[in-house]
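Have a look at the structure below, then the notes.
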Amino acid sequence: MTHEAAVTGSHTRSAAMHEIPEEMRHDVGLLGELLGQVLNEYGSEGLLQDVEKLRELTISALDDPDGDALAAAEELVDSFSAYRAREVARAFTCYFLLANLAEEQHRVRTLRSRDGEVPLTEQKPSDSVASALAHLSEEVGQREAERRLKELRFQPVLTAHPTEARRNAITASVRRIGELLDERDDPRMGTGARAKNRREMLEEIDNMWRTAQLRVSSPSPLDEVRTALGHFDNSFSKTFTQAYRRMDDWLQGEDSGAGAPKAPAFIRLGSWIAGDRDGNPNVTASITRQAVAQAADRVLSELESRSRNVGLSLTLDERYTPPNEKLTTLWNRYKQLSEELTTTAAEHSPGEPHRQVMLAIAGRVEATRQRDADLAYSVPQELIDDLKVVQTSLSEGGAQRAAYGDLQELIWQVETFGFHLAELEVRQHSAVHSQTLEWLEDPQGYEASGKKMAVPGEEVLETFRAIASVQQRYGMDAARRYIVSFTQSAQNLADVYTLAEKALGGPENVPVLDVIPLFETYDDLQNAPRILDEILQNPHLQARLEQTGRRMEVMLGYSDSSKDVGPVAATLALYEAQEKIAAWAIENDITLTQFHGRGGALGRGGGPANRAIMAQPPHSVDLRFKVTEQGEVISARYGNPEIALRHIEQVVAATLMASAPSTEKRNAEAARRFADLAQTMDEVSRERFHGLVGADGFAPWFAQVTPQDEVGLLVIGSRPAKRGLSVESLEDLRAIPWNFAWGQARINLTGWYGLGTALESIDDVELLRSAYAEWPLFRALIDNIEMSLAKTDRRIAERYLALGDREDLSALVLEELDVTTKWVLLITDQQRLLEEHRVLGRAVQLRNPYVDALSLIQLRALRTLRSGDTAEEKTLDDARNLLLISLKGVAAGLQNTG
């Protein structure tokens, strides 16, 4: 399945191909060639030829939109047997997985090249931490900049929402192919090694091809936990400390590692995996306990191994690096604690006191993992204190680099991960709490009334007992945040405290709880400051504020607000809510963290995180950024350690810069200057959006023209596509399948609908270009919508819309698509979408015809399924299977799901 051949005879496509860097073109060509060889060897006669023919037709259709190539491609797809259609869909899906690898490798190659060219302390690129720190120092002074640095906090929160459409087996295979591809960049690789590499790559691609792309059964929450732990092993455990070291390099240059660090451990990892029970009956109290135990075991194993390795490296003789008094005291304390522990360390390291103590520390970490109460550390701070005793002794003995090298990175690890790895955050719907309280008042009467509970009352109570047991075993930070979905009143938070007391037999037994309101709908965002005023009167919250130094979190949901009012009005509503909540916090002397519930799709707050941070209202960031990282976003941002490091640096730089006086002033002035523009965009886009989704019969029409109903059949997560409280209308559909379905239909409506009509009503190109140049929020909105539009295809969209019987609704969608595209091009002064983003734009342009091929296959399946009773059951089963394969392929091709 070659890639170069795809561009011959096409000026547009050839030009696009030649703007792709040569190394990336070579990688795509190599991977496509190897996949073609696998298809040829597979034994299915004519498979490769059919794949090539379909690919050539969809490419021709893109190059000549007025020709008949797309119709010919559609005819070819319809002529395939059910088996052949499935194999062709699998082939294109595999191609996208490989093409994505090539793009990732290009990013890594670019990062390495840039890193090799720029000295450690040079302020490049402009979005680097070095640049941000220098800029901040100029504005507020060096001392204030260093003080602010100590307050810096980045909190990524992993979620297992059903948006990662790949099986773990496929993900592992792709990772191995990526490692082999990376090896080929080594200039030392000889002919024999290169041949071996190619052979191993071919073997892995063959394995990937022969691996079933569809899961047989849903992953359990604990399966999802294991996936997250894989990210810890492959990325987080190393990358986070590398980020600290890089920052210290920028701050201290060559002195980094030879003295006390200036870089703080600014990352704290959170997780909703096996903690988020909103709409997921598979997440129980027992599952939550097991998840925390697995994470704790994994991080303690890492800390034990790291401690032992540091200890083994400290072969410093006491004659040349004498121990200080505190180290000797610590060793004597260990001898009293356990003769076995110290005897073993002393026998292996005579005359090496620092090594002896470190090996004893490793033994205590092992005891902590094994729950040996006599030797275990009770809290992470005890371990940190012991490590710092070793560090200080080394430093005073003249071994500065031993003190602040690997040992410092171990200390950073403990500060970051503790003994729990990631804080497990519990989330539950406010209605579940009110139902449970009603049930507790009269259990028999509740059941006799015929009312049904979304979650059994005893399970709700058991959740609080699980939190208490987790804190008792692993510490308060292992699980103390409790998020209330659909917070609409102060009573919603009060219910949580009441339930906790009932579950544990009184207030004296209740664990530490930071109860966090989650504002999700448009109306709730509008009412957030009023609700927060009421919440502030709660005595439990007041007591907690006193304990934390008046620190508090508020969460904002990006998904449901967008589904309520459309992407434009939701973006503006979220900005306004953040602005008002930040002002509320200042007024009430609260140090506030705004927690952003973003998804991967642009309709759910997706897009580059650093640009989003820089566009936030004044005082809404204040050196703290907390955000959900969902599904395929985790793999994209953190799957490759080098890309993960770059992502962290961009987020941190943006978080520092967003809190700079000049940034806050710019954003505030721009918001005031373009307030009238924002109001018009809000009102007109909202009216346009409601005109579509509020039309009679919209919900069944939406189910007809997209694979929305079939998304629920795709086994990609433990969480259902719909909440269990009620499933009677579009309002009850989760935002993830709402976005996923529109993306699959190549319409991406959730990312742009309503903008075009709003801009048309303004009809002032110069004003809009000024806003694009001067107002970061507007620029981020337009740039994100441009990306969303670039992944649409009007001709394919027309075919999906034709599946329905509402020409009026189809016309609304296509008209809005056209007018939105027109205005985005006018504002950005481009002839085509992503014209100014050369590599990204060409990459999207090159992959679109391949996505088109899968879309045509998906359309075939949908037409069969929509035919209903006229098709035989086997035909319907074949169509369902084909559809599910195509869903995964299109998701891989578009590089996002929900």
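The values are calculated or read from the model by the stated rules, or taken from the named source; none is laboratory data. Just so we're clear, the structure is a prediction, and the values are computed from it rather than from any experiment. Please note: Cβ atoms are built from the backbone with ideal geometry, for glycine as well, and neighbour counts cover all protein chains shown.
Brief remarks follow.
- Subset of segment 410-460 (residues that are aromatic (Phe, Trp, Tyr) and touching a residue at least 60 places away in the same chain (Cβ under 8 Å)): 412, 417, 419
- All conditions in (1) within 23 Å of the chain's Cα centre (by Cα); (2) surrounded by fewer than 24 Cβ atoms within 10 Å (Cβ to Cβ); (3) under 15 Å from residue 819 (Cβ atoms) hold for residue 762, with the sole exception of (1).
- Scanning segment 218-251 for residues that are over 21 Å from residue 159 (Cα atoms) and in contact with a Leu (Cβ under 9 Å, 6 or more places away or on another chain) yields a count of 8.
- Residue 137 being closer than 30 Å to residue 207 by Cβ and either among the small types (Gly, Ala, Ser) or modelled with pLDDT under 85 (or both): no
- Filter result (of a type in the set (Ser, Thr, Tyr) and more than 30 Å from the chain's Cα centre (by Cα)) within segment 808-853: 810
- The single residue among 585, 543, 577 that is in a helix (DSSP H, G or I), out of contact with any Asp or Glu (no Cβ under 8 Å at 6 or more places or on another chain), surrounded by fewer than 18 Cβ atoms within 10 Å (Cβ to Cβ) and not assigned by TED's automatic domain parsing to the domain that holds residue 774 turns out to be 543.
- Answer residue from segment 625-639, given it is among the aliphatic types (A, V, I, L, M) and assigned to a helix (DSSP H, G or I) and is surrounded by the most Cβ atoms within 10 Å (Cβ to Cβ) among those: 633
Here is a yes/no grid of residues against (1) hydroxyl-bearing (Ser, Thr, Tyr); (2) outside any loop (DSSP other than H, G, I, E, B); (3) without any contact (Cβ under 8 Å) to a residue 60 or more places away in the chain:
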residue: 247; (1), (2), (3): no, yes, no
residue: 259; (1), (2), (3): no, no, no
residue: 264; (1), (2), (3): no, no, no
residue: 289; (1), (2), (3): no, yes, no
residue: 295; (1), (2), (3): no, yes, no
residue: 303; (1), (2), (3): no, yes, no
residue: 327; (1), (2), (3): no, yes, no
residue: 333; (1), (2), (3): no, yes, yes
residue: 341; (1), (2), (3): no, yes, yes
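- Contact map, segment 509-523: first residue assigned by TED's automatic domain parsing to the domain that holds residue 542 and over 18 Å from residue 561 (Cα atoms), second residue part of a loop (DSSP other than H, G, I, E, B) and of a type in the set (A, V, I, L, M, F, W, C), Cβ cut-off under 9 Å, separation 6 or more or different chains; pairs are 511/479.
Yes/no per residue for (1) surrounded by fewer than 22 Cβ atoms within 10 Å (Cβ to Cβ); (2) in contact with a strand residue (DSSP E or B) (Cβ under 7 Å, 6 or more places away or on another chain); (3) among the small types (Gly, Ala, Ser):
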| site | (1), (2), (3) |
| --- | --- |
| 485 | no, yes, yes |
| 491 | yes, no, no |
| 494 | yes, no, yes |
| 517 | no, yes, no |
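- Residue ID - farthest from residue 517 (Cα to Cα), chosen from residues in segment 546-574 that are hydrophobic (A, V, I, L, M, F, W, C) and in a helix (DSSP H, G or I): 568
- If the condition is being over 26 Å from residue 650 (Cβ atoms), charged (D, E, K, R) and either surrounded by fewer than 19 Cβ atoms within 10 Å (Cβ to Cβ) or at pLDDT 90 or above (or both), then segment 144-187 contributes 176, 183, 184, 186.
- Candidates in segment 735-777 are the residues that are in a loop (DSSP other than H, G, I, E, B) and touching a Pro at 6+ places or on another chain (Cβ under 8 Å); of these, the one that is farthest from residue 665 (Cα to Cα) is 745.
- Counted residues, segment 489-508 - those being within 18 Å of residue 465 (Cβ to Cβ) and touching a residue at least 60 places away in the same chain (Cβ under 8 Å): 5
- Scanning segment 840-865 for residues that are farther than 13 Å from residue 787 by Cα and surrounded by fewer than 16 Cβ atoms within 10 Å (Cβ to Cβ) yields one hit, 863.
- Screening segment 778-800 for residues that are assigned to a helix (DSSP H, G or I) and among the basic types (Lys, Arg) and picking the one that is farthest from residue 675 (Cα to Cα) gives 799.
- Residue tally, condition without any contact (Cβ under 8 Å) to a residue 24 or more places away in the chain and of a type in the set (Lys, Arg), over segment 46-63: 1
- Some residue of segment 572-592 being touching a residue at least 40 places away in the same chain (Cβ under 8 Å), of a type in the set (Asp, Glu) and within 25 Å of residue 660 (Cβ to Cβ): yes
- Scanning segment 752-780 for residues that are in contact (Cβ under 8 Å) with a residue 40 or more places away in the chain and acidic (Asp, Glu), we see that the one that is farthest from residue 567 (Cα to Cα) is 774.
- Scanning segment 347-404 for residues that are in a helix (DSSP H, G or I) and of a type in the set (Ser, Thr, Tyr) returns 368, 392, 393, 395, 404.
- Residue 245, sole failed condition from (1) touching a helix residue (DSSP H, G or I) at 6+ places or on another chain (Cβ under 8 Å); (2) farther than 11 Å from residue 408 by Cα: (2)
- Among the residues of segment 806-850, those identified as outside any helix (DSSP H, G or I) and among the acidic types (Asp, Glu) are 829, 835, 836.
- Residue 803 meets the conditions (1) modelled with pLDDT of 90 or more; (2) closer than 17 Å to residue 70 by Cβ; (3) outside any loop (DSSP other than H, G, I, E, B) in every case but one. The failed one is (3).
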